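Student: Below is a structure I'd like to ask you about.
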Amino acid sequence: MSLVDHDRPEVLVDPHGLEAFVRELFHRAGMDDDGAAWTAHALVETNLLGIDSHGCLRVRKYIDRLRSGAINGQPHMRILVGQGALEIMDGDNGAGFVVGRSAMLRAIWLAQMHSVGVVGVVRSNHFGAAGLYARLAAASGLIGVAMTNVTPNVVAPGGSRPVVGNNPLAIAAPTYGDFPFVIDVSFSAVAGGKLLLAQAKGERIPLDWATDREGRPTGDPQEAFAGFLLAMGGFKGLGLAYAVDILCGVVTGGAFGRDLKGMYTHPDEPSETGHMMIALNVDAIMDRDRMQERMTRFTDMVKASPMREGCGEMLLPGEVEYRCSVRRANGIPLPVAVYDDLARLGQELGTELMLQ
């Protein structure tokens, strides 16, 4: 498998071929067929949505953790405790993508039975973009909420040591149009994956994203990744990050705060990550036609909001990602460093597929 010309900053890759290639990588690294297929789909779909910081950029790390045993490629997930619409699931240290999907599908099933479904998760791993799981609920006509805790990587204003993770939260709702409403945010000024992407592209970063290990603002993404993230909105973002850690760790009976293990700082150990998946079945309070009419009015109201001259058009959360769908036809732009790394993984794992 030949590597590409490094004079080009990016390589356009066919998404179908990329998904098949990545699926084969995960399968050869020890993941069962269903888990490999979903993980590959989730990563490529993330790239197709334009969220490159959480897409195939991270395949190497997940593969390394599978091979070391930090991720269980064939987890036996089970419900530990619960009553009615609220349950806690044991992820058995499986891949976060696999565990996260199982938890949201369970929450959707509970919501269809009880009008609301809430599934907390213990003993999981990094699950990529939180919006993936909220979108599963929206695709079923429900409201979806997905969140996860991560190892502390955010410093409080004036603090000298990370006190909480940036702890992503996503909310999705069907709009009955071309794309769902989806907001997916972490409570740091920027996600850690953006630092990795900047490294891969050889770019500098804004000084208000992160600090080095001494707490000094830095434009070097490598120093920033080794250092600390800054909270989004100061104490507001910090407080929301605390709340997610309570819901995903304290309430579930799982790990939280410094009991969590980052996949970069503890590469050969399970992360003990916790998730919380919530599905709301709006059919319990209004029929689908009325919900569609109200969401249409809401989205029309937002879209009709005037913009200042030269500021373009008003977009809904989820619309930027929808517009990236041209990548399905045009190809996914992968940084050369990421493309080369995937190609090397194929060689290491002996895959028969070629990365196109």
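Student: Checking V190 against (1) touching a residue at least 60 places away in the same chain (Cβ under 8 Å); (2) part of a loop (DSSP other than H, G, I, E, B): exactly one of these is not met. Which one?
Tutor: All conditions pass for V190, except number (1).
Student: Can you find, within the stretch 263-292, the residue that is farthest from the chain's Cα centre (by Cα) among those that are surrounded by 13 or more Cβ atoms within 10 Å (Cβ to Cβ) and among the acidic types (D, E)? Please lay out each step first, then the result.
Tutor: Within the stretch 263-292, the first condition is being surrounded by 13 or more Cβ atoms within 10 Å (Cβ to Cβ), and the residues that meet it are 263-264, 266-267, 269-283, 291-292.
Subsequent filtering for residues that are among the acidic types (D, E) retains 269, 272, 283.
On the way: E269: 20, E272: 16, D283: 28 Å.
Only one residue tops the list, namely D283.
Student: How many of the residues in the stretch 128-144 are without any contact (Cβ under 8 Å) to a residue 60 or more places away in the chain, within 13 Å of F181 (Cβ to Cβ) and either of a type outside the set (A, V, I, L, M) or crowded, with 21+ Cβ neighbours inside 10 Å (or both)?
Tutor: 3
Student: Within the stretch 126-135, does at least one residue satisfy the condition of being over 27 Å from L230 (Cα atoms) and either outside any helix (DSSP H, G or I) or in contact with a strand residue (DSSP E or B) (Cβ under 7 Å, 6 or more places away or on another chain) (or both)?
Tutor: Scanning the stretch 126-135, I find at least one residue that is over 27 Å from L230 (Cα atoms) and either outside any helix (DSSP H, G or I) or in contact with a strand residue (DSSP E or B) (Cβ under 7 Å, 6 or more places away or on another chain) (or both), so the answer is yes.
Student: As an exercise: evaluate L43 against (1) assigned to a helix (DSSP H, G or I); (2) more than 17 Å from the chain's Cα centre (by Cα); (3) under 22 Å from Q347 (Cβ atoms) and give the number of the one condition it does not meet.
Tutor: All conditions pass for L43, except number (2).
Student: Report yes if some residue within the stretch 52-72 is of a type in the set (S, T, N, Q), more than 18 Å from E272 (Cβ to Cβ) and touching a residue at least 60 places away in the same chain (Cβ under 8 Å); otherwise report no. Reasoning before the result, please.
Tutor: First, the residues of the stretch 52-72 that are of a type in the set (S, T, N, Q): 53, 68, 72.
With more than 18 Å from E272 (Cβ to Cβ) added as a condition, the list becomes 53.
Pick out the ones that are also touching a residue at least 60 places away in the same chain (Cβ under 8 Å) and you get 53.
Yes.
Student: Among the residues that make up the stretch 219-241, is at least one of them in contact (Cβ under 8 Å) with a residue 60 or more places away in the chain, surrounded by 16 or more Cβ atoms within 10 Å (Cβ to Cβ) and under 14 Å from G274 (Cβ atoms)?
Tutor: Within the stretch 219-241, one or more residues are in contact (Cβ under 8 Å) with a residue 60 or more places away in the chain, surrounded by 16 or more Cβ atoms within 10 Å (Cβ to Cβ) and under 14 Å from G274 (Cβ atoms).
Student: Restricting to the stretch 137-179, what's the tally of residues that are under 26 Å from M286 (Cβ atoms) and part of a strand (DSSP E or B)? Write out each step before concluding.
Tutor: Narrowing the stretch 137-179 to residues under 26 Å from M286 (Cβ atoms): 137-147, 169-179.
Still in the list and also part of a strand (DSSP E or B): 143-147, 169-173.
Qualifying residue count, the stretch 137-179: 10.
Student: For the stretch 219-246, enumerate the residues that are assigned to a loop (DSSP other than H, G, I, E, B), of a type outside the set (A, V, I, L, M, F, W, C) and either farther than 30 Å from L334 by Cβ or at pLDDT 90 or above (or both). Can you show your working first?
Tutor: Taking the stretch 219-246 as the starting set, the residues that turn out to be assigned to a loop (DSSP other than H, G, I, E, B) are 219-220, 227, 232-234.
Now restrict to residues that are of a type outside the set (A, V, I, L, M, F, W, C): 219-220, 227, 233-234.
Correct list: G219, D220, G233, G234.
Student: Mind listing whichever residues of the stretch 312-331 are over 16 Å from E10 (Cα atoms), assigned to a helix (DSSP H, G or I) and either without any contact (Cβ under 8 Å) to a residue 24 or more places away in the chain or of a type outside the set (F, W, Y) (or both)? Before the answer, list the steps.
Tutor: Filtering the stretch 312-331 for residues over 16 Å from E10 (Cα atoms) gives 312-326, 328-329.
Now narrow it down to the ones that are assigned to a helix (DSSP H, G or I): 319-326, 328-329.
Of everything in the stretch 312-331, those that are over 16 Å from E10 (Cα atoms), assigned to a helix (DSSP H, G or I) and either without any contact (Cβ under 8 Å) to a residue 24 or more places away in the chain or of a type outside the set (F, W, Y) (or both) turn out to be E319, V320, E321, R323, C324, S325, V326, R328, A329.
Student: As an exercise: evaluate L196 against (1) touching a residue at least 60 places away in the same chain (Cβ under 8 Å); (2) touching a strand residue (DSSP E or B) at 6+ places or on another chain (Cβ under 8 Å); (3) crowded, with 21+ Cβ neighbours inside 10 Å; (4) among the aliphatic types (A, V, I, L, M) and give the number of the one condition it does not meet.
Tutor: Failing condition for L196: (2).
Student: Next up: Of the conditions (1) over 24 Å from Y62 (Cα atoms); (2) surrounded by fewer than 19 Cβ atoms within 10 Å (Cβ to Cβ), K201 satisfies every one except a single condition; which number is it?
Tutor: Against the list (1) over 24 Å from Y62 (Cα atoms); (2) surrounded by fewer than 19 Cβ atoms within 10 Å (Cβ to Cβ), K201 comes up short only on (1).
Student: Right, another one. Would you mind finding the one in A279, A337 that is closer than 27 Å to V98 by Cα, part of a helix (DSSP H, G or I) and of a type in the set (A, V, I, L, M, F, W, C)? Give the steps one after another, and end with the answer.
Tutor: Numbers: A279 fails: part of a helix (DSSP H, G or I).
Just a single option satisfies the conditions, and that option is A337.
Student: Going through E203, E214 one at a time, which residue ends up being farther than 20 Å from A146 by Cα, modelled with pLDDT of 90 or more and of a type in the set (D, E)? Quick ask: steps written out before the conclusion?
Tutor: Working: E214 fails: modelled with pLDDT of 90 or more.
Result of the check over E203, E214: E203.
Student: Could you figure out which of (1) assigned to a strand (DSSP E or B); (2) over 24 Å from D184 (Cα atoms) isn't true of R67?
Tutor: Checking R67 against (1) assigned to a strand (DSSP E or B); (2) over 24 Å from D184 (Cα atoms), the one that fails is (1).
Student: Report, by residue number, each residue of the stretch 347-356 that is surrounded by fewer than 20 Cβ atoms within 10 Å (Cβ to Cβ) and not polar (S, T, N, Q).
Tutor: Passing the criteria: E348, L349, G350, E352, L353, M354.
Student: Please state which of the following conditions I183 fails to meet, knowing it meets all the rest: (1) farther than 17 Å from Y264 by Cβ; (2) surrounded by 22 or more Cβ atoms within 10 Å (Cβ to Cβ); (3) modelled with pLDDT of 90 or more.
Tutor: Here I183 clears every test but (2).
The values are calculated or read from the model by the stated rules, or taken from the named source; none is laboratory data. On a predicted model such as this, the values are computed, not experimentally measured, just so you know. Every residue, glycine as well, gets a Cβ built from its backbone with ideal geometry; the counts of neighbours run over all protein chains shown.
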